[in-house]
1. Going through segment 111-163 one residue at a time, which ones are of a type in the set (Asp, Glu) and more than 26 Å from GLU53 (Cβ to Cβ)?
2. Given the structure, is GLY125 in contact with a strand residue (DSSP E or B) (Cβ under 8 Å, 6 or more places away or on another chain) and of a type outside the set (A, V, I, L, M)?
3. Right, ASP128: modelled with pLDDT under 95, more than 27 Å from THR99 (Cα to Cα) and in contact with a Phe, Trp or Tyr (Cβ under 7 Å, 6 or more places away or on another chain) or not?
4. I need the full set of residues from segment 135-190 which are among the polar types (S, T, N, Q) and in contact with a Lys or Arg (Cβ under 9 Å, 6 or more places away or on another chain), in order please.
5. I'd like the full set of residues that are within 30 Å of ASP159 (Cβ to Cβ) and either among the polar types (S, T, N, Q) or at pLDDT 95 or above (or both), limited to segment 288-341.
6. Would you please list the contacts, defined by Cβ atoms under 9 Å and residues six or more apart or on different chains, that run from a residue in segment 192-206 that is of a type in the set (A, V, I, L, M) to a residue that is in a loop (DSSP other than H, G, I, E, B) and at pLDDT 90 or above?
7. Between a residue in segment 330-348 that is closer than 25 Å to THR184 by Cα and of a type outside the set (Gly, Ala, Ser) and any residue that is in a loop (DSSP other than H, G, I, E, B) and modelled with pLDDT of 85 or more, which pairs come within a Cβ distance under 6 Å, given they are 6 or more apart or on different chains?
8. Within segment 207-244, restricting attention to residues that are under 39 Å from the mean Cα position of the chain (by Cα) and aliphatic (A, V, I, L, M), which residue is farthest from THR312 (Cα to Cα)?
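The values are calculated or read from the model by the stated rules, or taken from the named source; none is laboratory data. For clarity, every value in this text was computed on a predicted model and none was experimentally measured. Note that each Cβ is placed from the backbone with ideal geometry, even for glycine, and that neighbours are counted across all protein chains shown. Calculation scope for accessible area: heavy atoms of the full protein, side chains included, ligands and nucleic acids excluded. Shrake-Rupley method; radii C 1.70, N 1.55, O 1.52, S 1.80 Å.
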Amino acid sequence: MGQTEGSRRRAFLVAAGTVAVAGCLESFESSNDGAADRATEDGETATGTATPEPTHPLADRTATVAIEQVEADRGRLERLLGEAIAFWNDNHTQYLSYTTTLEHQPDADDPAILVSELPAIEDCGVHDGGEFAGCATYLTAGNDNALPATVRLVPDSSDWLYRTVIQHELGHVLGLGHDDEPATIMDDSIEARYPEFEHRQEILDLRREWINEYNAGADRLSTAFDYANDENYEAAAERYDTAGEHYDTAGELIASASETASGLTPFEPADRERLIELLDSERSFVESMVSAVDLLQRGSKQIASDDGGYDTYNEGVDRYNATVQQSLPATEAYVAAVGLVHITVESGE
């Protein structure tokens, strides 16, 4: 009686699959026919000439990017690819040891980078046996023979996540690995990719906790109603009091989640203001239930001591009935507002 939808649904982060392994590197062999010079300790070769410092294949040039294959929407891919290219053009001097410019040219005859959308990626160089959101050539200094570099992508329904994957794969082509900055793009873990991930996950955990407390209170409340129906108001009063304690705890957990939410940094696709609105609606719901149970408890005590109390009790019943008619936000809306877009919601009996 009065249990929330949270007792039938649970949300959890996808810990494997397209999120966790998005953007693994596609290895390639460096082809120099095994004729590498032997370097001496002072940096010269055995012949006495200085070994030239290898440069990145895209250094000091405009690197053209062409789309080779489209799986879904070409216009969307071109838009998100353009935004990813703009990011690296604006920020490459901060993260790379060389300068370059990426340029999308749909009709390029000899592009430096080829982008393809696929329905699935089941292998990625040295990595196989999984599902990948993206895979790209890990292009490093001295590997001009690896051009054109390839970027393979599996479209995602979230523009933000898909754009991040494209940025991630282009980062590999530019020579960045999973340990390089910016971590929010290049790191291979979802914890690093989502700003303030721990705080966002904490809010979801707190919501789960308050729902558990609420449902524990609902169980006590159901027992209290049974006692009241049997006119054992003394026992009912005790159960109402216990239910109220659970509801009080639920309210405290929501307040803690609201405090954490107010300090979050806004980012796409999160909606901090919407998240606070959802938490406020849940806090209002629990506060209404606390008020109803308080009336029921006080009325029961008065009835048990032959001191009236029926008006108070009936007011509690009316408030309870009004409260349980309220609708709580769906889990999906809550998760979307937090910004952890790759959440799976399971439904069960």
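1. Answer for segment 111-163, where residues must be of a type in the set (Asp, Glu) and more than 26 Å from GLU53 (Cβ to Cβ): GLU117, GLU122, ASP123, ASP128, GLU131, ASP156, ASP159.
2. Considered against the rule, which asks whether it is in contact with a strand residue (DSSP E or B) (Cβ under 8 Å, 6 or more places away or on another chain) and of a type outside the set (A, V, I, L, M), GLY125 comes out as yes.
3. no
4. Correct list: THR164, THR184.
5. Of everything in segment 288-341, those that are within 30 Å of ASP159 (Cβ to Cβ) and either among the polar types (S, T, N, Q) or at pLDDT 95 or above (or both) turn out to be SER327, THR331.
6. Listed by first residue and then by second, the contacts come to ILE203/LEU264.
7. If the second residue must be in a loop (DSSP other than H, G, I, E, B) and modelled with pLDDT of 85 or more, the pairs left are VAL341/SER158; VAL341/PRO269.
8. Looking at residues that are under 39 Å from the mean Cα position of the chain (by Cα) and aliphatic (A, V, I, L, M), I get ILE211.
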